[in-house]
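Report on the following structure.
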Number of protein chains: 2
Amino acid sequence: MKAYKDMSREELLSEKASLEAQYEEVKTKGLKLDMSRGKPATAQLELSNGMMDVLSSQADMTGEEGVDCRNYGVLDGIAEAKKLLGDMSEVSADNMIIYGNSSLNVMFDTISRSMTHGVCDNTPWCKLDKVKFLCPVPGYDRHFGITEYFGIEMINIPMLATGPDMDMVEEYVNNDPAVKGIWCVPKYSNPQGITYSEETVLRFAHLNPAADDFRIFWDNAYSIHHLYDDDQDFLLEILNECEKAGHPDMVYKFISTSKVTFPGSGVAAVTASKRNLEDFAKHMKTQTIGHDKLNQLRHVRFFKDMDHMREHMRKHADILRPKFEAVLDVLDRELGGLGIGSWTRPKGGYFISFDAMEGCAKAIVAKAKEAGLVMTGAGATFPYGIDPEDSNIRIAPSYPTPEELAVAAEIFVLSVKLVSIDKMIA
Amino acid sequence: MKAYKDMSREELLSEKASLEAQYEEVKTKGLKLDMSRGKPATAQLELSNGMMDVLSSQADMTGEEGVDCRNYGVLDGIAEAKKLLGDMSEVSADNMIIYGNSSLNVMFDTISRSMTHGVCDNTPWCKLDKVKFLCPVPGYDRHFGITEYFGIEMINIPMLATGPDMDMVEEYVNNDPAVKGIWCVPKYSNPQGITYSEETVLRFAHLNPAADDFRIFWDNAYSIHHLYDDDQDFLLEILNECEKAGHPDMVYKFISTSKVTFPGSGVAAVTASKRNLEDFAKHMKTQTIGHDKLNQLRHVRFFKDMDHMREHMRKHADILRPKFEAVLDVLDRELGGLGIGSWTRPKGGYFISFDAMEGCAKAIVAKAKEAGLVMTGAGATFPYGIDPEDSNIRIAPSYPTPEELAVAAEIFVLSVKLVSIDKMIA
């Protein structure tokens with residue numbers, strides 16, 4: 001395939017005419033396709049339907065420590081849920097608090113608590129002139145949404161193939177006491193699918209923050225969400241590394257079963273040092289009478305142990321893998337060699353990240369929408385919704401059927417080509 | 001029975017000797033009884049076991065608006081849950097947001113949001129020099145815990161037989177712009193079991209707050225929790241009254257099914273004006289990916305409608321009623337006419353409130369504990385845990401078996417008598 005930059009103006013115009021004809025034809029079909037959200041497909045939900053049977057009216061709903069899970073009591077989670085989610089999080093059950101249905105909610109509450117009450121008896125952030133967060137970009141829009149909501153200044157940190165640019169992270173964290181946190185999706189990152197390298201994790205663990213209340217917000221949302229059984233990324237366990245480096249309190253780790261069982265009806269958890277967990281618990285005992293223990297028990301009875309959960313994740317992978325490959329096939333075939341975009345090939349997670357030519361992302365997303373394909377809004381992967389290069393587009397292939405995906409990917413590449421040519425001949 | 005105040009010192013000393021003998025005998029039994037918490041008994045939990053069967057692996061988990069309740073989507077609750085809990089709350093489904101498992105959590109988050117972001121675009125409370133809340137006393141310790149946690153100054157408002165002393169409430173609310181809220185349990189109040197009179201509700205609706213962001217926190221925790229089928233309290237619906245009085249935004253109403261189905265695994269909701277709900281939703285859309293829709297659906301499928309929920313509450317009443325009566329029988333028989341205490345006779349809710357002679361509550365609770373009976377800590381029913389008269393004790397008869405309750409009530413009255421005599425002869 002000849003790169004667009006090597007084409008003459010005439011060649012580009014001729015290419016454009018042909019693409020426009022294809023585009024107009026697609027438009028007449030009145031399609032309604034959606035690649036905007038990391039939403040499991042119906043077939044994935046079916047995998048967990050059995051969880052609806054493990055607690056019946058006849059079931060013993062007593063936890064292994066003798067707690068009647070139908071009644072009040074137990075603030076930080078039943079023992080067996082701590083064990084299972086501790087295994088999922090690769091830490092001891094002692095380092096866990098089990099929460100409700102949404103890890104995002106736990107992160108939000110953590111920031112909210114830091115605003116009103118401070119971190120481990122430090123000054124509440126609402127009393128400080130300036131609070132800053134580092135935001136590896138592209139990243140997860142809902143993380144950025146939380147810090148924006150609380151008026152926290154967000155600083156873009158470029159993502160490299162190894163994770164965030166650690167030179168920049170160290171520079172900020174070790175010198176600026178206003179920097180209180182960093183958002184991380186360390187494994188199969190949203191949206192690039194990058195897993196932080198061992199060196200990156202070690203550099204995180206060895207940060208020397210200017211602020212005592214600096215915390216790494218380690219959102220391990222895709223910890224066991226591999227696409228391939230024999231080709232998986234490995235992420236160093238950070239809690240242990242922080243402890244070894246003498247900074248046991250520097251990290252909060254968040255996980256949930258939202259994309260393991262049912263989004264919205266899963267179980268979330270925080271992994272942290274004893275001191276941090278006490279800080280969480282102090283807040284929690286005023287905030288709530290406790291989380292849904294029956295749903296915790298339901299998860300444990302369904303999975304039994306980590307081996308069964310891993311087995312379950314293989315079934316998710318079998319559904320997701322062909323979808324990722326379908327999109328990547330179209331990208332390779334249609335855009336390979338054109339020099340008008342690059343994309344990632346994740347081994348897990350929920351997204352493919354696409355970088356268009358500078359200044360083209362918004363126009364591509366608009367073009368796709370016109371033909372019936374909804375993408376994540378351009379800019380969404382950056383703080384304040386502003387991608388300085390207007391280049392990044394997140395592709396979420398999980399929800400559509402493979403057939404829909406093939407069509408969706410075709411619309412996407414058509415849109416990329418058309419917008420790129422327009423840019424080049426402008 | 002001769003009142004203690006009419007007894008001679010010798011009579012009191014002789015009575016004391018006899019009581020002490022009984023007390024020592026009870027102590028040797030090494031009992032472990034608990035009347036400290038409004039916790040449903042196991043027999044009550046069994047009533048809802050059927051809810052565990054309505055969503056099986058074979059069930060259609062699609063909501064009536066076509067939403068797959070197993071997946072992401074729907075921030076403010078599925079339509080049928082809004083309808084059911086709207087009926088429970090006596091308002092339209094349009095005035096509802098359905099939350100997670102704990103109404104306390106919703107109240108906490110509401111205060112937290114008011115601190116960091118303000119109420120309906122008013123100044124965030126954390127930026128004000130002083131924020132005050134009115135606290136009808138005795139009241140619910142966890143309400144007071146929330147306002148204390150956020151450093152809000154709490155002002156005691158005496159409870160009368162008709163509800164809070166409305167002269168005082170009007171005086172504070174209509175004149176002091178620092179007064180931002182009042183905690184209310186308007187029906188079968190915690191701990192007295194008082195239901196606010198029609199006049200009280202109307203006076204609430206006609207408040208003219210000095211602060212634009214004053215809100216009534218109307219925790220209707222026991223709205224359908226009657227003890228008697230033919231002798232129920234009636235509470236005027238306040239949202240409607242506030243609207244009629246021209247103050248539609250002045251009240252937030254909270255409900256939950258914690259004591260209808262399973263505590264900790266129920267569904268909570270807020271009832272409020274459109275404007276207030278938008279304020280809630282703005283926060284919520286950053287805070288969470290949505291609440292547990294499967295649990296909402298489970299509740300709706302189990303109850304079907306309000307008639308069935310009322311029928312279900314009659315079964316709760318059949319279990320609770322004899323327990324209340326057992327305690328009241330002992331109080332009547334053992335303390336009637338002695339002039340050393342008074343108590344309420346609620347027609348619903350979870351508590352009986354006991355007022356001892358001034359300065360005796362702490363000692364009574366300690367005395368009971370020594371004999372193996374745990375009561376709610378004296379003072380817990382007041383802000384900061386300080387009962388200025390050291391008089392009020394909350395009795396929670398729901399959890400123990402009737403047999404345990406009979407013994408527990410005997411220990412309690414023994415403790416009341418002993419401490420009262422000590423006070424009188426001191």
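The values are calculated or read from the model by the stated rules, or taken from the named source; none is laboratory data. Note that the structure is a prediction, hence the values are computed from the model and not measured. Neighbour counts are summed over all protein chains in view; Cβ atoms, including those assigned to glycine, are modelled from backbone coordinates with ideal geometry.
Quick one: which of B:N220, B:N276, B:N240 is away from chain A (no Cβ under 14 Å), polar (S, T, N, Q) and touching a Cys at 6+ places or on another chain (Cβ under 8 Å)? When all the criteria are applied, what remains is B:N276. Residue-level check: of (1) surrounded by fewer than 19 Cβ atoms within 10 Å (Cβ to Cβ); (2) over 22 Å from the mean Cα position of the chain (by Cα), B:P388 misses just (2).
When A:V413 is tested against (1) more than 18 Å from the chain's Cα centre (by Cα); (2) free of Cβ contacts under 8 Å to residues at least 60 places away in the same chain, only condition (2) is not met. Residues that are over 30 Å from B:K369 (Cβ atoms) number at least 2 in the following helices (runs of 4 or more DSSP H) confined to the stretch B:1-99: B:79-89. For B:R321, the requirement of being crowded, with 19+ Cβ neighbours inside 10 Å, among the basic types (K, R) and more than 30 Å from A:H143 (Cα to Cα) is not met. In a loop (DSSP other than H, G, I, E, B), away from chain A (no Cβ under 14 Å), surrounded by fewer than 19 Cβ atoms within 10 Å (Cβ to Cβ) and of a type outside the set (V, I, T), is that true of B:P248? Judged against the criteria, B:P248 is a match.
Taken together, A:E25, A:E65, A:E90, A:E20 contain a single residue that is away from chain B (no Cβ under 14 Å) and either buried (at least 16 other Cβ atoms within 10 Å of the Cβ) or within 28 Å of A:E148 (Cα to Cα) (or both), which is A:E90. Quick one: would you say A:D34 is more than 30 Å from A:L236 (Cβ to Cβ), within 29 Å of the chain's Cα centre (by Cα) and either in contact (Cβ under 8 Å) with a residue 12 or more places away in the chain or facing chain B (nearest Cβ under 8 Å) (or both)? Taking the combined requirement at face value, the residue satisfies it.
Please pick out the residue among B:A326, B:A281 that is of a type in the set (G, A, S), more than 24 Å from the chain's Cα centre (by Cα) and either assigned to a helix (DSSP H, G or I) or assigned by TED's automatic domain parsing to the domain that holds B:L227 (or both).
The unique qualifying residue is B:A281.
May I ask you to list the residues in the stretch B:288-308 that are more than 14 Å from chain A (Cβ to nearest Cβ), touching a residue at least 24 places away in the same chain (Cβ under 8 Å) and surrounded by fewer than 21 Cβ atoms within 10 Å (Cβ to Cβ)?
Of the stretch B:288-308, the ones more than 14 Å from chain A (Cβ to nearest Cβ) are B:300, B:303-308.
The next check asks that each one be touching a residue at least 24 places away in the same chain (Cβ under 8 Å); those that pass are B:300, B:303, B:305-306.
Correct list: B:D305, B:M306.
Filtering the stretch A:151-186 down to residues that are assigned to a loop (DSSP other than H, G, I, E, B) and in contact with a Leu (Cβ under 9 Å, 6 or more places away or on another chain), which residue is nearest to A:M115 (Cα to Cα)?
Step by step, filter the stretch A:151-186, then rank; the result is A:A178.
For the condition surrounded by fewer than 24 Cβ atoms within 10 Å (Cβ to Cβ) and in a helix (DSSP H, G or I), what is the one hit in B:L207, B:L202? When all the criteria are applied, what remains is B:L202.
Taking the criterion of being under 20 Å from B:T261 (Cβ atoms) and within 9 Å of chain B (Cβ to nearest Cβ), the residues of the stretch A:42-62 that qualify are A:M51, A:M52, A:D53, A:L55, A:S56, A:S57, A:Q58, A:A59, A:M61. Residues in the stretch B:150-193 that are within 14 Å of another protein chain (Cβ to nearest Cβ) and free of Cβ contacts under 8 Å to residues at least 24 places away in the same chain: B:G151 alone.
Total residues in the stretch A:100-127 satisfying the condition of being within 14 Å of chain B (Cβ to nearest Cβ), in a loop (DSSP other than H, G, I, E, B) and surrounded by 22 or more Cβ atoms within 10 Å (Cβ to Cβ): the figure is 3.
Take the conditions (1) in a helix (DSSP H, G or I); (2) among the acidic types (D, E); (3) in contact with a helix residue (DSSP H, G or I) (Cβ under 7 Å, 6 or more places away or on another chain); (4) more than 30 Å from B:D129 (Cα to Cα); A:E148 misses just one of them, which is (4). Scanning the stretch B:128-145 for residues that are more than 8 Å from every other protein chain (Cβ to nearest Cβ) and assigned to a helix (DSSP H, G or I) yields B:D141, B:H143, B:F144.
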